[in-house]
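See below for the structure under consideration.
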Amino acid sequence: MMTSISYRNAPLSPQKRLLFGAVAVVLWVAVWWFVAWRVDQELLVPTPLLVGKTLWHLGQTSAFWLATVASLLRVAAGFAGGVVSGVILALLTYRFPLASHLFAPLLKTVRATPVASFIILAFVWLKTDILPAFIAFLMVLPIVWGNVDKGLRQTDRRLLETAYVFRLGQRRTVLHVWIPSVMPHFLTACTTALGLAWKSAVAAEVICRPQDSIGRLLQTAKNHLETAEVFAYTIAVIVLSVVLEHLFLALAKRLGRRFNAGEGV
């Protein structure tokens, strides 16, 4: 029985994960095709073939790539600002109880407030080119702050005491104890926040319609009843989100291996 359980819980090989992923994609594309066939109205549900052709055509236009790059830059700016601010806030709230009491209600409010409310409110205050980055910043900040703060508080006190006994000094203690302890929490927060920042920024672009943005193209396609284009832009957003997440995870693994070498005190 124990052998069977451990076998079922064993991690899948990369080949099997790729195979299962491909099977899942084929299955859901088949479901999509069946629904399109039953509805038989391309204005409502275009076929996967039509959406694929539309996406291929859009990918050959400069407007699509210009909008994609501009949207990515906005997300990157908001994500970077949210990560840096979240780490700084976590250090403050961990070190000073007063800062924790001061900022915790505000950050919990940001977490609980719907994204659409922030977009509508910020639309009144900010320029359209800045708004998507600001929304991405707001989505990233509380996630990074919460996870890094948790990582700081869960750092093994015995390791800190050992570092003190062996007089490692502040710099080496930070490098060999604090960072390896907090890093898993930090990377988890960044991975989660990256996808949320991307989706929230595109949603903000749909509402405020800045020049050269995927959200603007998506809204224009909807207004012109180009349903195939709406599907194509949506798929492009999903693919870009997945690519960004995988690139970040690859970078995170490299950083993790670098710091793991210094975990032992």
(request) Grab the beta carbon distance between TRP125 and LEU247, set R0 = 25 Å, and tell me the FRET efficiency rounded to 0.05. (result) 0.20
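Could you tell me which of the pairs LYS199/LYS253; LYS222/LYS253; LYS108/LYS253 are separated by over 28 angstrom between their Cα atoms in the structure shown?
Going by Cα-Cα distance, LYS222/LYS253; LYS108/LYS253 fall outside the 28 Å limit.
Return one quarter of the surface area of the convex hull spanned by the alpha-carbon atoms of the stretch 38-145, equal to its mean projected area, in nm². Walk me through the numbers on the way to the answer.
On the way: hull surface 39.8 nm².
For the stretch 38-145, averaging the hull's shadow over all directions gives 10.0 nm².
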(message) Can you give me the distance in nm between label points at VAL26 and ARG38, each placed 7 Å from the Cα along the Cα-to-Cβ direction?
(response) 2.2
(request) Heavy atoms only, probe 1.4 Å: what % of the accessible area of the stretch 26-72 goes to carbon and sulfur, would you let me know? (result) 74
(request) Take peptides 99-110, 33-44 and line them up by average Cβ neighbours within 10 Å, highest first, as a rough protection proxy. (result) 99-110, 33-44
(message) Using a 7 Å offset from the Cα along the Cα-to-Cβ direction at both LEU49 and ALA104, what is the distance between the two label points in nm, to one decimal?
(response) 6.0
(request) Give me the accessible area per residue for the stretch 91-139, probe 1.4 Å, as a whole number in Å². (result) 65
(message) Give me the percent of accessible area attributable to carbon and sulfur for the stretch 203-245, probe 1.4 angstrom.
(response) 62
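The values are calculated or read from the model by the stated rules, or taken from the named source; none is laboratory data. The structure presented is a predicted model; accordingly, all values stated were derived computationally and were not measured. So basically every Cβ, Gly included, is an ideal-geometry build from the backbone, and we count neighbours across all protein chains shown. With ligands, DNA and RNA removed, areas are computed over all heavy atoms of the protein, side chains included. Shrake-Rupley method; radii C 1.70, N 1.55, O 1.52, S 1.80 Å.
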